[in-house]
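Undergrad: I have a structure here, written as structure tokens, and I will follow up with some questions on it.
The values are calculated or read from the model by the stated rules, or taken from the named source; none is laboratory data. No experiment lies behind these values; they were computed from the predicted model shown. Cβ placement follows ideal geometry from the backbone for every residue including glycine, while neighbour counts extend to all protein chains displayed. All accessible areas refer to the heavy atoms of the entire protein, side chains included, with ligands and DNA or RNA removed. Shrake-Rupley method; radii C 1.70, N 1.55, O 1.52, S 1.80 Å.
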Amino acid sequence: MKELLLQTARKTGLIDAEQLAEVLENNKTNDRLDEVLLRCPYFTEESVLRLFAAALGQEFLAEIPVKLVPSEFVDAIPAAYAQHHYLIGIKREGDNGELIVVLSKPLDANALDNVSKLIGVPVRPSLATMAVITAAIDIAYEQRSTVIEEVAEELDSQNLDQLVDEVASSNDLLDVVNRPPVIRLVNDILFRALQLRASDIHVHPYETKIQIRYRIDGILYDTLSLNRNVLPLVISRIKVMAGMDIAERRMPQDGRCSVRLGQREVDLRVSTVPTSYGERSVLRILDKSTGIFSLNELGLWEEDLKKFDTLLNRSHGVIFVTGPTGSGKSTTLYACLNRINSAEKNVITIEDPIEYQLEGISQIQVASKKGMTFATALRHVLRQDPDVIMVGEVRDVETARMAIQSSLTGHLVFSTLHTNDSAGAISRLLDLGVEPYLASSSLIAIMAQRLVRKICPDCRQEYIPVAHELRELGLLDIDSGQARGHKFFVGAGCERCFQTGYRGRTGVYELMMVNEKIQELIYERTSAGAIKKLALEGGLQTLRMDGARKVLNGITTIAEVLRVTQADIL
């Protein structure tokens, strides 16, 4: 074998033949030849594998099309085995029933034999790098059908008392080999949630069953019912994962943990509360692989984006983002910080909790039990010479005053408020107890927002809306009683969108710039209605108007906009 490799190296020039001869000569271990060369610092993994492929007459694959991975391979070979041995099977037309097993260790004959025995078909080896094989494994095993129902039945048929001690931790959701049923069950619940792009998992106990519900694109869906008896096991397993006290069942608890799905890292925020039928748990999923959105990806209209960009270049002032829980306020704030983050600016955030880690930014976690509130943290942050401060939420007058006074001393401050629209944020601040002169002199913009579901691109079709829907959005031609020459679309429902007609979400926005006239109205404690009326005269686009623009552009449906926005009372 050594001579064959040397001859191939001289003939192909894939690696330096003299260096290869030196490595082979100096090797005093009993390790396999491929392992020796793959860990040798003189050669890259790819060059070694290409050399073996040329010497053995095998194919080297620079990439592996996942659609070629047959379902029988995924069913027969456990994910853990494929990951450990770095191998994946593919089938192409004209292979005469043979399975091509792509390896990263050319001389691993045992693994090749085992795959052949498990699947029961002849196999032929090919080579690829570990990274390429790992990527293919992750995607192929994510597409496997889940076995939640089978595991649930298996749990029901066993003595539950014997399973209480089996809630040990398991990191990788794909690793379900020889795991106790309860771990496989919870892993599969998490796995299916990630497949469906869910943001939250609800474990909801009832008198006779446990309902597993997923929040997908802001809407809760019932996805699975389990036997009432397995509730203690499922909750205990969740608590163990999140580092919570499994013996405490009468008090609410919070925890967090990270799980892996192959190469994907996913954070979970876990909350449990006692209810009349047992403990209820909600898991918030934060998928790190999705990354942080840029401002361009949030769905801001081009004019609003330009206005917002000018705000980010201001040296001082307060910018509020408002909306109910789950309207994407934190995502918008992260996008803003990402846009202005630079080596020239000191950016500090105060959050509860820290959802995503931002590079180059100092992030502070609020800890109310230890006396670290938004207000106390903000007081100390001002001694850190910041240029930009992000306060997660203004909940009381002390935090509001501190944020406003911070802006008056030359800082750009971002924060959130829970109000229905942009003008309502001003009334909310004044109701909290902020003096009108402070609010009028510091506020530079308020942006209200909501999230609407986007029409699924795979099942999008044209439809004719009824008159009252058009009237609600202000798109009805009064003379004809018809739409003003526009096309409208809706999702019919398909496998890709789970028959909902929607896939993904985007924002609708109402950006109110605080000009001198609005400052005067704030100073005079004018009502939110009067402030909004003045802003509309100055060109403000309300949430419903922005939604109408997105309907006309085929992004979302009329029903979605009417669901999340309220009528404009002018």
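Undergrad: Do we find a residue being among the acidic types (D, E) and assigned to a loop (DSSP other than H, G, I, E, B) anywhere in segment 18-37?
TA: Step one: filter segment 18-37 for residues among the acidic types (D, E), giving 18, 22, 25, 31, 34-35.
Then drop every residue that is not assigned to a loop (DSSP other than H, G, I, E, B), which leaves 31.
There is at least one residue in segment 18-37 that is among the acidic types (D, E) and assigned to a loop (DSSP other than H, G, I, E, B).
Undergrad: Any residue at all in segment 83-100 that is of a type outside the set (K, R), assigned to a loop (DSSP other than H, G, I, E, B) and open to solvent by less than 10 Å² (accessible area, probe 1.4 Å)? Walk me through it before giving the result.
TA: If we filter segment 83-100 for residues that are of a type outside the set (K, R), which is where we start, we get 83-90, 93-100.
Applying the additional criterion that residues be assigned to a loop (DSSP other than H, G, I, E, B) yields 86, 93-98.
Still in the list and also open to solvent by less than 10 Å² (accessible area, probe 1.4 Å): none.
Within segment 83-100, none of the residues are of a type outside the set (K, R), assigned to a loop (DSSP other than H, G, I, E, B) and open to solvent by less than 10 Å² (accessible area, probe 1.4 Å).
Undergrad: Does L220 fit the bill of being assigned to a helix (DSSP H, G or I) and either free of Cβ contacts under 8 Å to residues at least 60 places away in the same chain or open to solvent by less than 50 Å² (accessible area, probe 1.4 Å) (or both)? Full working, then the answer.
TA: Numbers: assigned to a helix (DSSP H, G or I): no; either free of Cβ contacts under 8 Å to residues at least 60 places away in the same chain or open to solvent by less than 50 Å² (accessible area, probe 1.4 Å) (or both): yes.
Against the criterion (assigned to a helix (DSSP H, G or I) and either free of Cβ contacts under 8 Å to residues at least 60 places away in the same chain or open to solvent by less than 50 Å² (accessible area, probe 1.4 Å) (or both)), L220 does not qualify.
Undergrad: Oh, and also: Please find, among V466, V490, the residue that is open to solvent by 20 Å² or more (accessible area, probe 1.4 Å) and over 30 Å from T331 (Cα atoms). Break it down stepwise before answering.
TA: Values: V490 fails: over 30 Å from T331 (Cα atoms).
Every option except V466 fails the conditions.
Undergrad: I'd like the residue in segment 107-134 that is out of contact with any strand residue (DSSP E or B) (no Cβ under 6 Å at 6 or more places or on another chain) and in a loop (DSSP other than H, G, I, E, B) and, out of all such residues, is surrounded by the most Cβ atoms within 10 Å (Cβ to Cβ).
TA: T129
Undergrad: Quick one: which of A423, A439, A400 is more than 34 Å from the chain's Cα centre (by Cα), buried (at least 20 other Cβ atoms within 10 Å of the Cβ) and assigned to a helix (DSSP H, G or I)? Before you say what the answer is, go through the steps one by one.
TA: Numbers: A423 fails: more than 34 Å from the chain's Cα centre (by Cα); A400 fails: more than 34 Å from the chain's Cα centre (by Cα).
Selected residue: A439, the only one of A423, A439, A400 that is more than 34 Å from the chain's Cα centre (by Cα), buried (at least 20 other Cβ atoms within 10 Å of the Cβ) and assigned to a helix (DSSP H, G or I).
Undergrad: For segment 403-420: of the residues being open to solvent by 30 Å² or more (accessible area, probe 1.4 Å), of a type outside the set (S, T, N, Q) and in a loop (DSSP other than H, G, I, E, B), which is nearest to N313 (Cα to Cα)?
TA: Of all residues in segment 403-420, those open to solvent by 30 Å² or more (accessible area, probe 1.4 Å) come to 405, 408-410, 418, 420.
If we keep only those that are of a type outside the set (S, T, N, Q) too, we end up with 408, 410, 418.
Now narrow it down to the ones that are in a loop (DSSP other than H, G, I, E, B): 410, 418.
On the way: G410: 13, H418: 25 Å.
Residue satisfying both the conditions and the ranking: G410.
Undergrad: Is it the case that some residue within segment 334-353 is hydroxyl-bearing (S, T, Y) and under 20 Å from Q449 (Cα atoms)?
TA: Pass one, segment 334-353, residues hydroxyl-bearing (S, T, Y): 334, 342, 349.
If we keep only those that are under 20 Å from Q449 (Cα atoms) too, we end up with 334.
Checked segment 334-353: at least one residue is hydroxyl-bearing (S, T, Y) and under 20 Å from Q449 (Cα atoms).
Undergrad: Inside segment 374-396, can you point out the residues that are open to solvent by 50 Å² or more (accessible area, probe 1.4 Å) and assigned to a loop (DSSP other than H, G, I, E, B)? Please lay out each step first, then the result.
TA: Quick first cut of segment 374-396, residues open to solvent by 50 Å² or more (accessible area, probe 1.4 Å) only: 379-380, 382-385, 387, 395-396.
Selection gives D385, D387, R395, D396.
The rows are residues; the columns are (1) among the hydrophobic types (A, V, I, L, M, F, W, C); (2) over 21 Å from Y502 (Cα atoms).
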position	(1), (2)
E520	no, yes
I531	yes, yes
L536	yes, yes
R544	no, no
G554	no, no
A559	yes, no
D568	no, yes
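Undergrad: Among the candidates G554, G538, single out the residue that is surrounded by fewer than 21 Cβ atoms within 10 Å (Cβ to Cβ) and over 30 Å from I319 (Cβ atoms).
TA: Working: G538 fails: over 30 Å from I319 (Cβ atoms).
Of G554, G538, the one residue that is surrounded by fewer than 21 Cβ atoms within 10 Å (Cβ to Cβ) and over 30 Å from I319 (Cβ atoms) is G554.
Undergrad: Can you name the residue in segment 244-265 that is closer than 20 Å to Y356 by Cβ and at pLDDT 90 or above and, of all such residues, is surrounded by the fewest Cβ atoms within 10 Å (Cβ to Cβ)?
TA: Step one: filter segment 244-265 for residues closer than 20 Å to Y356 by Cβ, giving 254-261, 263-265.
Checking which are at pLDDT 90 or above leaves us with 254-255.
Numbers: D254: 12, G255: 18.
For segment 244-265, the residue satisfying everything is D254.
Undergrad: Enumerate the pairs (first residue in segment 298-325 and within 24 Å of E393 (Cβ to Cβ); second residue anywhere and loosely packed, with under 12 Cβ neighbours inside 10 Å) with beta-carbon separation below 6 Å, excluding pairs fewer than 6 apart on the same chain, so at least 6 apart or on different chains.
TA: Correct list of pairs: H316/G410.
Undergrad: Also, I was wondering about something else. For segment 273-297, how many residues are outside any strand (DSSP E or B) and in contact (Cβ under 8 Å) with a residue 24 or more places away in the chain?
TA: Initial filter on segment 273-297 (outside any strand (DSSP E or B)): 276-277, 288-297.
If we keep only those that are in contact (Cβ under 8 Å) with a residue 24 or more places away in the chain as well, we get 277, 288-289, 292-295, 297.
Qualifying residue count for the region: 8.
Undergrad: Of everything in segment 56-72, what is touching a residue at least 40 places away in the same chain (Cβ under 8 Å) and either acidic (D, E) or not in a helix (DSSP H, G or I) (or both)? Give them in sequence order.
TA: Q58, E59, F60, L61, A62, E63, I64, V69, E72
Undergrad: Next question. Listed residues V434, V466; which is out of contact with any His (no Cβ under 9 Å at 6 or more places or on another chain), within 17 Å of I558 (Cβ to Cβ) and either β-branched (V, I, T) or modelled with pLDDT of 95 or more (or both)?
TA: Working: V434 fails: within 17 Å of I558 (Cβ to Cβ).
Of V434, V466, the one residue that is out of contact with any His (no Cβ under 9 Å at 6 or more places or on another chain), within 17 Å of I558 (Cβ to Cβ) and either β-branched (V, I, T) or modelled with pLDDT of 95 or more (or both) is V466.
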